[in-house]
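This report concerns only the one structure given below.
The values are calculated or read from the model by the stated rules, or taken from the named source; none is laboratory data. Note that the structure is a prediction, hence the values are computed from the model and not measured. Reconstructed Cβ throughout: ideal geometry from the backbone, glycine too, with neighbour counts over all protein chains shown. All accessible areas refer to the heavy atoms of the entire protein, side chains included, with ligands and DNA or RNA removed. Shrake-Rupley method; radii C 1.70, N 1.55, O 1.52, S 1.80 Å.
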Amino acid sequence: MNFLNKGYQSFLEHTESKLSQNNSFTNPCFNTYQFSSELGKGYTSIYELDSYASICIAEHSYFCDFEYAVISDDSISIQQYDSIDSDHCYPKGDVYSGMQYIDYTPDDEVYRYVIKKDIPAKLIGIQLMPEYYDVYLKKEFGVNSVNLKEDLKVFPHGISIPEISSVFNQIRNFKGNEYCSKLFFKSKIDELTAIIIQKADMFQNLNASVSIADRNAIIEITAYLNQNLSKKFSLIELSADACMSISKFKYVFKNVVGQSLSEYITQKRMEHACEMLSYSNLYIAEIAHLIGYKNAGSFSSQFKKCMGVLPIDYRLNRVDVHVNSD
């Protein structure tokens, strides 16, 4: 490891996390820090790609509301929260389960956080350092006309971009030795940057066709969907909640989210199912019920359509990965 950025360093010190010899939580090339105290328990796994980017996968749970502060680096953060419940702690607003957070942070800013007790905080994120977006992109690709820090301003708070979720899932599930990991993670960071640039152009064009009020209404709807995946959703009720006609709701939802309502719900249900298949001992029928399917058969059919394998095979593959990592 070359260094720990200030944000990671201050959090690990605050929780009294210790470097663990057991990296079975993630790719063995990650450095995994564990903590267990009167505050709570959990792990933070960090992979640093030279001096220009880092990947963080973390899962924590707290026995009380946990308050802490970190000092920021000059960097761009792309994060996804699989589970969390927090008070206002980011410049753009609260974070909640199922959302992505994309933002630029200046150097030496102090950010204060409050994470709620008994709610697991699960996240995966990438931090891009100035050497990446100010030096590497220009040197390697001749990207001189792109200003990533400015591009990020077009992304609304509470966004969920399916392509980013897909890349994060690939990163989370990848296992390999030092050399193939470095090649793989480098390619995924470049892929994420390409997605950000592409989507920034798209959002620039959409800003003229979708009002801020309509965009915020859809963001509130997606937050509701993410927190109630077991429910059966009514298009009529959702459009009414957003104060839109059904046709307008469908149009605005796809423009803001990048997917139709049904595609978005299916994706989020499958992501949640993958989490439970990987990290719980719940029966497949129980998982199906928890994400809104009446029976295991229809869930298994949809899961295979989306993931390419049946739920039982996905779980067995994940078990094998953890065993081989120990």
Any helices (runs of 4 or more DSSP H) falling wholly within region 216-284 and containing at least 1 residues that are touching a residue at least 60 places away in the same chain (Cβ under 8 Å) and in contact with a Leu (Cβ under 7 Å, 6 or more places away or on another chain):
261-279
When restricted to Cys243, Cys180, the only residue more than 23 Å from Gln79 (Cα to Cα) and open to solvent by 70 Å² or more (accessible area, probe 1.4 Å) is Cys243
May I ask you to verify whether Gly308 is among the small types (Gly, Ala, Ser), within 22 Å of the chain's Cα centre (by Cα) and closer than 30 Å to Ala213 by Cβ?
no
Counting only residues that are open to solvent by 30 Å² or more (accessible area, probe 1.4 Å) and of a type in the set (A, V, I, L, M), which one in region 289-308 is nearest to Leu225 (Cα to Cα)?
Leu290
Residues in region 34-54 that are closer than 14 Å to Ser20 by Cβ and within 17 Å of the chain's Cα centre (by Cα) total 4
Within region 50-84, work out how many residues are open to solvent by less than 40 Å² (accessible area, probe 1.4 Å), in a strand (DSSP E or B) and either at pLDDT 85 or above or in contact with a Gly (Cβ under 9 Å, 6 or more places away or on another chain) (or both).
20
If you go through region 149-165, how many residues are in a helix (DSSP H, G or I) and open to solvent by 10 Å² or more (accessible area, probe 1.4 Å)?
7
Out of (1) closer than 30 Å to Ile196 by Cα; (2) open to solvent by less than 40 Å² (accessible area, probe 1.4 Å), the odd one out for Pro311 is which?
(1)
For Thr15, which of the numbered conditions (1) touching a Phe, Trp or Tyr at 6+ places or on another chain (Cβ under 7 Å); (2) open to solvent by 10 Å² or more (accessible area, probe 1.4 Å); (3) hydroxyl-bearing (Ser, Thr, Tyr); (4) modelled with pLDDT under 85 fails to hold?
(2)
With respect to Ser278, is the statement that it is among the hydroxyl-bearing types (Ser, Thr, Tyr), more than 22 Å from Glu163 (Cα to Cα) and open to solvent by less than 70 Å² (accessible area, probe 1.4 Å) true?
no
Among residues of region 166-193, those that are of a type outside the set (D, E, K, R), in a helix (DSSP H, G or I) and within 17 Å of the chain's Cα centre (by Cα), counted:
11
Any chance Tyr132 is assigned to a helix (DSSP H, G or I) and surrounded by 14 or more Cβ atoms within 10 Å (Cβ to Cβ)
yes
